[in-house]
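To start, the structure itself, in structure tokens.
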């Protein structure tokens with residue numbers, strides 16, 4: 001039963017007296033007989049004054065699951081009415097099942113939530129932690145979990161926008177430093193002999209400043225990332241509401257500007273010519289034509305991973321699914337490939353997991369008329385004196401490091417910027433290989449292959465079309481075992 005108990009106290013110090021019992025009103029003495037001094041609390045004689053002290057409340061809640069008493073005491077209220085209102089609020093929250101009396105910050109709750117999130121993929125959990133550490137905790141991680149409101153989340157995204165502005169200003173500053181460094185370097189190279197020492201010192205000073213500022217550069221948090229950050233926070237708060245640890249999912253009420261995805265464009269001859277002249281890519285997502293794809297396959301027809309490129313280009317499996325494909329899931333009689341596992345790249349490490357939801361499937365593959373599939377190698381039985389060795393060309397999972405390095409980025413765990421530095425190779429959602437033609441002035445001579453060239457690859461190609469190649473050169477073929 002709810003029973004309101006409010007009282008007033010202060011933080012004054014003075015001589016202590018007994019407040020209750022048979023010795024009420026008498027001084028509190030120590031072993032030597034002297035009166036003790038300390039916090040007066042509710043015994044301060046100045047509490048009768050209206051502006052002295054603050055109001056507190058005390059409430060007895062139902063016992064905890066282990067049978068122990070559950071008491072809550074809070075204070076600091078200016079009036080008795082506010083203390084009584086907060087006391088009633090705590091009682092109502094306790095009756096609703098909330099964990100009253102538990103103090104936990106947003107950062108502590110999100111860390112506990114991410115650690116207990118075992119119903120999502122390992123890559124999703126890694127993204128959750130990235131959003132929490134980089135975007136949520138720096139702005140609202142210090143707040144109490146129960147004190148969080150919509151206005152705090154709005155301020156968080158406003159602070160992210162301000163941070164983006166500061167990052168862009170710093171980028172412009174770095175560009176100015178780069179131009180200044182280049183200018184001083186040219187002045188040193190072209191300066192008079194008697195001035196070269198001074199010019200060289202000025203150039204070195206500019207170069208050191210540029211290196212220090214480049215280390216401070218950060219990535220801008222785009223609208224798409226902000227939407228994913230809000231979704232992460234909304235998922236965490238939604239679980240807290242279901243667990244009766246919060247009353248409302250405040251992140252669900254926050255509205256952000258719409259994030260428009262980049263529009264895919266085709267590499268037409270005119271766009272290829274403009275890219276070669278200016279180096280500008282028309283869109284973040286560029287798609288090859290069938291002719292460019294065919295030239296890519298013809299250029300790397302002798303690469304040890306050609307079968308993987310051919311399969312990914314014409315059947316479109318996910319990159320991790322193709323890297324995790326073992327020989328046991330390849331049926332050469334029916335020309336079928338079964339997707340049963342995948343490789344994910346998280347925190348610069350490779351993990352073998354199950355495919356995404358409803359992604360276990362069988363993919364049909366068709367060869368050109370008269371072509372024969374390349375059979376897997378038959379490993380020799382190892383002798384008892386040495387360990388067995390893997391020989392021959394195998395799919396990715398039999399040799400994870402070589403294949404994963406060729407198809408998995410090493411500079412970003414998000415898997416989107418590994419080949420984007422060179423215009424010749426950019427990841428594509430359509431082919432999974434690359435999306436920009438190579439900048440070579442003349443096309444490579446097409447190499448004919450009678451075993452794996454699909455009917456989707458055009459037979460004739462224009463001689464002026466650029467040959468798409470990858471910035472990663474094909475490795476030399478492995479020596480045959482004796």
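The values are calculated or read from the model by the stated rules, or taken from the named source; none is laboratory data. What you are looking at is a predicted structure, and each value in this text was computed from that prediction instead of being measured. So basically every Cβ, Gly included, is an ideal-geometry build from the backbone, and we count neighbours across all protein chains shown.
Counting only helices (runs of 4 or more DSSP H) wholly contained in segment 95-150, the ones carrying 2 or more residues that are more than 13 Å from the chain's Cα centre (by Cα) occupy 106-115, 137-140. Among the residues of segment 48-63, is any surrounded by 10 or more Cβ atoms within 10 Å (Cβ to Cβ), out of contact with any strand residue (DSSP E or B) (no Cβ under 7 Å at 6 or more places or on another chain), in contact (Cβ under 8 Å) with a residue 24 or more places away in the chain and not in a helix (DSSP H, G or I)? Yes: segment 48-63 contains one or more residues that are surrounded by 10 or more Cβ atoms within 10 Å (Cβ to Cβ), out of contact with any strand residue (DSSP E or B) (no Cβ under 7 Å at 6 or more places or on another chain), in contact (Cβ under 8 Å) with a residue 24 or more places away in the chain and not in a helix (DSSP H, G or I).
Residue check: is residue 174 modelled with pLDDT of 95 or more and either in contact with a strand residue (DSSP E or B) (Cβ under 7 Å, 6 or more places away or on another chain) or in a helix (DSSP H, G or I) (or both)? Yes.
Suppose the filter is exposed (fewer than 15 other Cβ atoms within 10 Å of the Cβ) and in contact (Cβ under 8 Å) with a residue 40 or more places away in the chain; does residue 144 pass it? Taking the combined requirement at face value, the residue satisfies it. Here residue 270 passes the criteria (1) surrounded by 12 or more Cβ atoms within 10 Å (Cβ to Cβ); (2) part of a helix (DSSP H, G or I) except the one numbered (1). When the residues of segment 179-219 are filtered to those that are closer than 30 Å to residue 160 by Cβ and without any contact (Cβ under 8 Å) to a residue 40 or more places away in the chain, the one that is surrounded by the fewest Cβ atoms within 10 Å (Cβ to Cβ) is 215. Of the set (1) without any contact (Cβ under 8 Å) to a residue 24 or more places away in the chain; (2) touching a strand residue (DSSP E or B) at 6+ places or on another chain (Cβ under 6 Å); (3) outside any strand (DSSP E or B), all apply to residue 73 but (3).
Condition check ((1) assigned by TED's automatic domain parsing to the domain that holds residue 152; (2) modelled with pLDDT under 85; (3) within 53 Å of the chain's Cα centre (by Cα)) across all residues:
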| position | (1), (2), (3) |
| --- | --- |
| 1 | no, yes, yes |
| 25 | no, yes, no |
| 52 | no, no, yes |
| 58 | no, yes, yes |
| 82 | no, no, yes |
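Within segment 236-247, being surrounded by 14 or more Cβ atoms within 10 Å (Cβ to Cβ) and in contact with a helix residue (DSSP H, G or I) (Cβ under 8 Å, 6 or more places away or on another chain) holds for 236, 237, 238, 239, 240, 245, 246.
With respect to residue 262, is the statement that it is out of contact with any helix residue (DSSP H, G or I) (no Cβ under 7 Å at 6 or more places or on another chain), modelled with pLDDT under 95 and surrounded by fewer than 13 Cβ atoms within 10 Å (Cβ to Cβ) true?
Yes: the conditions hold for residue 262.
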